[in-house]
Each structure stands twice: as C-alpha cells, then as structure tokens.
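Worksheet: one structure, shown below.
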Amino acid sequence: MKLGFLGGGQLARMMALAAYPLNIKCAFLDPAKDACAGPLGNLFVAAYDDESALKQLGAWSDCVAFEFETVPAGVLKLIADQAPHYPSYEALLTTQDRLHEKKYFKKLGIETAPFEVVDCLSDFEGAAAKLGRPSILKSRRLGYDGKGQVMLRDDTNLSEALDAIGKVPAILEGFVNFDREVSIIAVRARDGETKFYPLVENIHQNGILHISTALNNDPFQCQAEEMVKSLLDDLDYVGVLVLELFLAGNKLYANEYAPRVHNSGHWTIEGAITSQFENHVRAVSGLPLGDTNMVSPCAMINLIGTLPDTSDILKIPGAHLHLYDKQPRPGRKIGHVTVCASTDSMLKQQVERVLELIK
C-alpha cells in the first residue's frame, strides 16, 4: 500500500510513523525542501496546485490524503483521476470558509455562537451593534492558531480591527462565556464504522493550543459524540475528524471542525490503544479501525517557539518527547510532550513539572 499526502509537516510525519509498522509506504507533496516529513518517504517539492507534481503523487499513490485544511480544495479534483482521496472535497471545502462552516452547522442542527457577516465597515458596525461586546472578528479564510482574529472589546476601534485582519471578508461571532474548551476526536472508516476518543479539555495561550488533557467518562461525551457523528454521516466522511467545542453551563456549542488529525489528539500516541494517526491511516487505506480507548490518564503539552533541555524532560516519569525536526521560531510548534500517569493527581504533578521546564 502506498499513501500520498498533500503536505509534509508534523502531522504527515506522525501519520507516516504510524503507517510504517503497517507496511504502508508514504510520499508527500510540499513546497518546502526541508519539510519535516520528508525523511520518512518520497518528497515531491512543488506548490500544491502544481499539476505535474500532483499527477506524479497521484500516479505513485494507491490513496491520497491531506494533512491540513488550507490545501486548495480544487487540488483534490485535479488528483481525483489519479487516485482515490480521503477525506472528501466537500469536507475540505466547507471548513475553508468560516461562514459556510457556521451555516453548515446550522443546517445540521448543531448550535454555534451567534454570528454576522462582515464584508465592509458598515456591515461591521451593524454586526457589532447587534452582537455587542465582547465579540470576535474572524477572517472567513486562512485563520488558525489565533491568526486572522481580533477580540472586539469596549475600546476597540472597528476600522482598526478590520485593518488588523487585512480588510478581508469576515464574520463577527458572539462571545461564548465558556466554562471549558473541549474537542471530540472521531474516526470513520470507508464502510461507515465509526469510533470516538474520549473528550479532550484544551487550554490555549495566545490563540495556540497549550495543553490538552484526555477526559475519561466525561458527562458530555455522549452529547459531543452525537454532534460529531452528524457531521461524519452527512459528509459520508472517511478518516479522523475533530470538532472543537465550547462548554457553557450544560450546553455544547460548535466552534469549528478540522477534517484531519488534530493537535488536541496528539496524546493518543501513548495515551490510547490506537493513536489518531494510525486510525486515520487505517481509515483512508480501507483497513479496520483500532480501539480508541484510553490506556491511562494522559495529557499533551505543546512545545512552541523554543526547546527546553530535552534531558530534563525525559527525566520526568511517564513523559514522552516528540520533536518535529523544525527550526525554532516564535509561535512555531516544534514538538510536544505527552505525559501518562497511573492517577489523575499524579498526572497533574507531572504536567506541572513539564510546564516548569518550558517557561
């Protein structure tokens, strides 16, 4: 089996690592010559819309997947006559525009924060009057890890806020006074078999995921599963899909979905019987899904911008270090640490030890 990826970053790298024991060979198309997944397979260095390179990748592959949702959706149509691709064009296209995504949630009966379309300053003024402050201005496209977003506070100048996101089409989203940010990771096979990982609680810093903690037997697990299953079934989805949610009171609100493996699921490498990466590979390759149960209390801490002393990390019981072979720079994810423990209290102590080292 040969599996091709659009993208050669750390997500493709971890999927390739999961594919190797299954005797699945991997290739990657990425514009960067030093793409960190490159050493784990064949690397085609080209733009994502390079038709010649796409045909080469498709001809080499038995199946093609993508590692992130900003790949131009039309690329999947270009490669479709070369090899099957998962997830689908529709799954990718919908998530590339926040307005379309919010409308799609509404169509499926999945509740979100209230939102208004912002195409110009007058739209923004009307939306701000309707939704009030605080609220969040978000570019409709290409916003992730806090990019393309401005919090609208009492003293925020509307014109300056639009300038900050580049005066691009946007939405204004009402602020959800949430108790927790959580995500549900699900995987669906080609034959419709579906499995769910335990709900994950997420803590962000500067718009970037900082810590994810798996929650065993959380009371909102079933509600989250029902929400994400409606997406999977409507899209006839294949692979891992992650739904990010706000929990406010006793209610879950959808924020966005990611049609791929996700940062909040990195804990599954050591913390679940089958990792999200292996299950994505299994799903798109037509193999049976693996067990998604949690092995032990587990959390993941992102390494962003700089690396701590790796020896100190490895001295912590239950700590597993994952480095992505990426050059450090501010705001860049260059690795993560997974911590597994026998009890929740021990997990908390070990996570605090990691956090002390990465201050």
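The values are calculated or read from the model by the stated rules, or taken from the named source; none is laboratory data. Model, not experiment: these values are computed from the prediction. Positions of Cβ are backbone-derived with ideal geometry, glycine not excepted, and every protein chain shown enters the neighbour counts.
Given the structure, is residue 110 modelled with pLDDT of 95 or more and of a type in the set (Val, Ile, Thr)?
yes
Return the residues of the range 85-114 that are of a type in the set (A, V, I, L, M, F, W, C) and touching a Ser or Thr at 6+ places or on another chain (Cβ under 9 Å); say none if nothing qualifies.
Answer for the range 85-114, where residues must be of a type in the set (A, V, I, L, M, F, W, C) and touching a Ser or Thr at 6+ places or on another chain (Cβ under 9 Å): 105, 108, 110, 113.
Which of the strands (runs of 3 or more DSSP E) contained wholly in the range 10-73 include at least 1 residues that are closer than 24 Å to residue 91 by Cα?
Strands (runs of 3 or more DSSP E) meeting the threshold: 25-30, 63-66.
Table: residues versus (1) of a type outside the set (Phe, Trp, Tyr); (2) farther than 30 Å from residue 63 by Cβ; (3) assigned to a loop (DSSP other than H, G, I, E, B).
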site	(1), (2), (3)
83	yes, no, yes
100	yes, no, no
127	yes, yes, no
138	yes, yes, no
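Looking at the range 140-160 only, could you name the residues that are of a type in the set (A, V, I, L, M, F, W, C) and in a loop (DSSP other than H, G, I, E, B)?
142 - this is the single residue of the range 140-160 that is of a type in the set (A, V, I, L, M, F, W, C) and in a loop (DSSP other than H, G, I, E, B).
Might you let me know whether the range 27-38 holds any residue that is surrounded by fewer than 16 Cβ atoms within 10 Å (Cβ to Cβ), charged (D, E, K, R) and on the phi < 0 side of the Ramachandran plot?
Within the range 27-38, one or more residues are surrounded by fewer than 16 Cβ atoms within 10 Å (Cβ to Cβ), charged (D, E, K, R) and on the phi < 0 side of the Ramachandran plot.
Residue-wise test of (1) crowded, with 17+ Cβ neighbours inside 10 Å; (2) within 20 Å of the chain's Cα centre (by Cα); (3) assigned by TED's automatic domain parsing to the domain that holds residue 63; (4) in contact (Cβ under 8 Å) with a residue 60 or more places away in the chain.
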| site | (1), (2), (3), (4) |
| --- | --- |
| 168 | no, no, no, no |
| 188 | yes, yes, no, yes |
| 193 | no, no, no, yes |
| 201 | yes, yes, no, no |
| 212 | yes, yes, no, yes |
| 239 | yes, yes, no, yes |
| 246 | yes, yes, no, yes |
| 269 | yes, yes, no, yes |
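Kindly provide the set of residues from the range 306-324 that are within 22 Å of the chain's Cα centre (by Cα) and at pLDDT 95 or above, ordered by number.
320, 321, 322, 323, 324
For residue 114, only one of the following conditions fails: (1) in contact (Cβ under 8 Å) with a residue 40 or more places away in the chain; (2) in contact with a helix residue (DSSP H, G or I) (Cβ under 7 Å, 6 or more places away or on another chain); (3) buried (at least 21 other Cβ atoms within 10 Å of the Cβ). What is its number?
(3)
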